[in-house]
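All of the numbers you see were taken from the coordinates with simple rules; none came from a lab. Since the model is a prediction, treat every value here as computed from it, not as a measurement. Because the Cβ atoms are built from the backbone with ideal geometry, glycine has one as well, and the counts that use them run over all protein chains shown.
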Protein chains: 12
Amino acid sequence: MSYGEDRIYKKVEVIGVSKRGIEAAIQAAVSKAHRTLEKLSWFEVQDIRGHVADDGTVSEYQVVLKVAFQLKE
Amino acid sequence: MSYGEDRIYKKVEVIGVSKRGIEAAIQAAVSKAHRTLEKLSWFEVQDIRGHVADDGTVSEYQVVLKVAFQLKE
Amino acid sequence: MSYGEDRIYKKVEVIGVSKRGIEAAIQAAVSKAHRTLEKLSWFEVQDIRGHVADDGTVSEYQVVLKVAFQLKE
Amino acid sequence: MSYGEDRIYKKVEVIGVSKRGIEAAIQAAVSKAHRTLEKLSWFEVQDIRGHVADDGTVSEYQVVLKVAFQLKE
Amino acid sequence: MSYGEDRIYKKVEVIGVSKRGIEAAIQAAVSKAHRTLEKLSWFEVQDIRGHVADDGTVSEYQVVLKVAFQLKE
Amino acid sequence: MSYGEDRIYKKVEVIGVSKRGIEAAIQAAVSKAHRTLEKLSWFEVQDIRGHVADDGTVSEYQVVLKVAFQLKE
Amino acid sequence: MSYGEDRIYKKVEVIGVSKRGIEAAIQAAVSKAHRTLEKLSWFEVQDIRGHVADDGTVSEYQVVLKVAFQLKE
Amino acid sequence: MSYGEDRIYKKVEVIGVSKRGIEAAIQAAVSKAHRTLEKLSWFEVQDIRGHVADDGTVSEYQVVLKVAFQLKE
Amino acid sequence: MSYGEDRIYKKVEVIGVSKRGIEAAIQAAVSKAHRTLEKLSWFEVQDIRGHVADDGTVSEYQVVLKVAFQLKE
Amino acid sequence: MSYGEDRIYKKVEVIGVSKRGIEAAIQAAVSKAHRTLEKLSWFEVQDIRGHVADDGTVSEYQVVLKVAFQLKE
Amino acid sequence: MSYGEDRIYKKVEVIGVSKRGIEAAIQAAVSKAHRTLEKLSWFEVQDIRGHVADDGTVSEYQVVLKVAFQLKE
Amino acid sequence: MSYGEDRIYKKVEVIGVSKRGIEAAIQAAVSKAHRTLEKLSWFEVQDIRGHVADDGTVSEYQVVLKVAFQLKE
């Protein structure tokens, strides 16, 4: 890719979930999207949420993110 | 599904249209998405709009919503 | 299509890139989406960005837009 | 009207109020606007609010919406 | 109450859930808040969401709203 | 007016300007709107801006606000 | 007009439509508003949208903008 | 309090009302919250609104604000 | 809890502070809220801020979040 | 300056603090920016916050604003 | 530059003004920023506004944009 | 510094980049800003983004943040 050439990207919204933290939830979502979509270029975090277990600990982080990838011509 | 397990959801933006009201427009969009996507989990209303007929009655409600479903590993 | 009939639209987020200006970037994204998705109905601009070359000229416009198309029953 | 012709629309912000529900409040606002403005084309809901009576029931729904109509040349 | 007198209101964020529709979910939240808080004055809808059952029907509406009530001196 | 009766309000966006401060700019806009529109009910501040004179003093406050009034049946 | 004098502006929301591009749609809306409203001072773009023809070309640009003009005392 | 120690704050949303101006409405809300909640630390203005009397004067300012206070361990 | 039953949740806004990172600040706020409120269900991050020490290191992370819990009937 | 000539402005974000009220905090920020930056043209209020003293009085107003000034060619 | 290396960018907010259109206003702002700041990488459009001449023509476009450039170590 | 004294802060927008995670990207931006600007007081995260490598791993986190520092009189 070089700047100035016409090209198209698509953005898809996914939610990664992990109990190990925010970066782990992002990586989980990016890895999954990487396998099913075309090659990813970047991601943008939209929202950070999570679930709380009965004992008051954060049982998982849920990160809503958009992942972007270039569409082939 | 149980909390704490790594998993991924995807969100897709659809617009349901119905003359019977807002809930009917939501249900129309959810039913259609349910048939073509994987099993849906939840929806989030983004916008409520509508068309007005020549006699000044609301001829249809257009509800923009995001529907979310879990991606299989 | 006539107003008052139940129907469903889907919106997809794409980024068009062109060095020739904002309208060209929009048209590039719309043309590409038209070939790969079902027939498009409308678009909505979300963001306008761009890259700057080493000599300080705008080397390309990047227009983030949502494109919408009717889902077939 | 056909797409591609130059034309102008105007949007006006109104609030419809009804005790019978959200769609009734929308229809009330649209009907009133239809009589005093030029022919309406569509509406967009901005906010949904309401008043609570002393016994804890919702005594009315207040729906803020924008209504749009084409200006004659 | 008359306008022009100093007074204070408080707003609390609640989520009403009902399978019967949006107005029912609002009324459920307002009724509950009315019993546990001081007398409510109004509500403002923040978000409309919902859950989808396995057969693709909307199994419940979840309406996030702010309810407001006057604080006693 | 009593709650529970169907009725319609309209909102209009105006900008009041005054060198005497924010409340004075609001009052200026409200007074002017009161004379030309139907009887006003309330206002909502949208933006507060201002102009700076050559000596670095604020020469005027510009307050963008929406004013609302009930439409007669 | 000179800064520091009390004065009032009004803003009105219009949508200009043109197949020739974004600037043409803005100019169309401004020209029309100029003829029917009092003398305009400035405009602010709110949204850029458009319609797509059956062959995948952008058949028109729809620019939502606010136009502002000074109210006479 | 010193920076770097774990601690928790809570934010509560209140509306102060006063006919004497915006700062007076803020102070009214802060004073009331100070008496009923734990010791306040800061406030953030969310919205400025007001009521207009029959003669076109602003009869009261209504300032929506969030007040924050540290929770005791 | 099962979907489709009427029930009510409340959301409260808290700020967790920790020098150990963003997840630690979230867990601190969730733990504290868990002890003083009814059983928490989930959290939503609103803002991430922090304080900078004199030597240019981040001395603490301040995470504004909403925590939600089900109200008992 | 006359409209229609190419020119460039820059906006800078500052926070003015004063115990005397919102306008005083704005003027403080504008005066300081006027001395260190080039000649200011206008300001835009972004946020209004403040600190509360131990006795429940507002000890200072903190106004976040953007100030704009023309860059010399 | 290669991805994965620690580095820092700064964003500055400027307003480009041109009577020739939106792209010309963007290029004007980018060119000016390029001369006075370090080498620019990209821009993001924040707002599009403009001035209207007495004859109802758009006399200039004012584009508010953020320009970003890498800070040298 | 003590509350109640007139003083001025400035906010600057920077982007920190690090492959080690979100906190590392924040600390990188804060450290760099600390060396080139006056002494920082706090930061506010605006956006979290990142780049994805060819093998689907997050190759770097890009955190957009505003850093604030007090201007000397």
- Taking Cα atoms only, helix A:22-36 is inclined relative to the longest principal axis of chain A by an angle, in degrees rounded to 10, of 40
- Query: For the rotation that brings chain I onto chain A, whose beta-carbon in chain I is nearest the axis, and what is that distance in whole angstrom?
  - Reply: I:I22, 4
- Item | Cα centroid of the stretch K:13-73 to Cα centroid of the stretch A:28-70, whole Å | 35
- Ordered by number, the trypsin sites (Lys or Arg not before Pro) in the stretch H:43-73 that occupy a DSSP loop and have at most 15 other Cβ atoms within 10 Å are H:K72
- How large is the Kirkwood hydrodynamic radius of the protein assembly as shown, in angstrom, based on all distinct alpha carbon pairs? 28.6
- Message: Amide H of L:G50 versus every other amide H placed in the peptide plane: which residues, excluding those fewer than 5 positions away on the same chain, fall under 5 Å?
- Response: A:F43, L:Q62
- Task: With a point put 7 Å past each Cα toward its Cβ, work out how far L:S2 is from L:D55 in nm, to one decimal.
- Result: 5.9
- Message: Neighbour counts of other C-beta atoms within 10 Å: give me E:R20, H:R35 arranged from fewest to most.
- Response: H:R35, E:R20
- Kirkwood Rh, the stretch E:1-40, all Cα pairs: how many Å? 11.8
- Note on the structure: Note on chain G: contact order normalised by length, alpha-carbon pairs under 8 Å, 6 or more apart, percent, works out to 43
- Message: I'd like the Karplus ³J(HN,Hα) series for the stretch H:61-71: coefficients 6.51, -1.76, 1.60, θ = phi - 60°, whole numbers in Hz, and an x wherever there's a Gly or Pro.
- Response: 9, 10, 10, 7, 9, 9, 10, 10, 8, 7, 7
- Quick one: in the stretch E:8-71, what % of C-alpha pairs are over 20 Å apart? 29
- Residues meeting the amide H criterion for E:L71 (H placed from the backbone, H to H distance under 5 Å, 5 or more places apart or on another chain) are E:I8, E:Y9, E:K10
- Note on the structure: Phi angles of the stretch C:8-18, converted by Karplus (6.51 cos²θ - 1.76 cosθ + 1.60, θ = phi - 60°) into ³J(HN,Hα) in whole Hz with x for Gly and Pro, give 10, 10, 10, 10, 10, 9, 10, 10, x, 10, 7
- Message: Among A:G21, A:H34, A:Q46, whose Cα projects farthest towards the positive end of the dipole of chain A, with charges put on the beta-carbon of Lys, Arg (+1) and Asp, Glu (-1)?
- Response: A:H34
